[in-house]
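Below: one structure, written as structure tokens.
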Amino acid sequence: MMRRNTYLITVIGTLLLGLAFISCEDFDDETFELSAIDAAAIASIEDTLEIKLAMKSANILNDGSQIGIIVVGGGIGDTIIMPIDTATNVLEAVEIQTALVDAGIDPIGVNDTVYAVTIRSDSLCYQLFEASTGGDYVFYVAHFAALNIYGSTGEMVEMKTDEMSPELIAGLYELPGPVPTIKGRYEYTLSAGTYLFAIARLESTTSDNFRIAIRRD
């Protein structure tokens, strides 16, 4: 009996040693690399260069005789009369997009330089976005925010993913500073065309100053 127990202990020990060796070998061989698109976003958000961007906030105008949209922001104040449901006073995304186009607002697009914008806590802000070609577009934001993309007919474009990979999170914590420089990563699959880009601060965000990097995957 003693010899049998010794044999079992030897076999179990050998198996455990083999498993430990395999597990360590797996960890040694597995490497994690930051993707080129995420690395470029980190570099642009950390860079001191920036493009000042004035987001627009849209509000319903009702002076008793007409209903329209007031487009305000960045020193521009234009009123564009639009057909809005007078029963509900609903301001639809397609009306906002049309108002920005009519006001002559140039769309933003993918750029190596980060966009710097001011977003107040009481504002839902809008801008036109131009997808030059079809494909995956990624929006990186330096603060917690809610972001939506709308098509030309006002339909909300489904987000592909808002997950941040472990590699991206690890890359952010390797940078100087106590906190990550990117708080949100939003990826969309878009066809070529002009879209309405909407962003709002979340309650957990106390800063007005946002930095947004846009990349084509």
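Quick note: the coordinates plus some simple rules give every number you see, no bench work behind them. Computed from a predicted model, the values in this text were never measured in an experiment. Note: ideal-geometry Cβ built from the backbone for every residue, glycine included; neighbour counts use all protein chains shown.
Packing around the peptides 137-148, 33-44, taken as the average count of other Cβ atoms within 10 Å per residue, puts them in this order, highest first: 137-148, 33-44. Just check segment 91-161 against the gyration tensor rule for me: Cα atoms, a ≥ b ≥ c as the square roots of the eigenvalues, rounded for a/c under 1.5, and otherwise prolate or oblate depending on whether a/b exceeds b/c. Here segment 91-161 falls in the rounded category.
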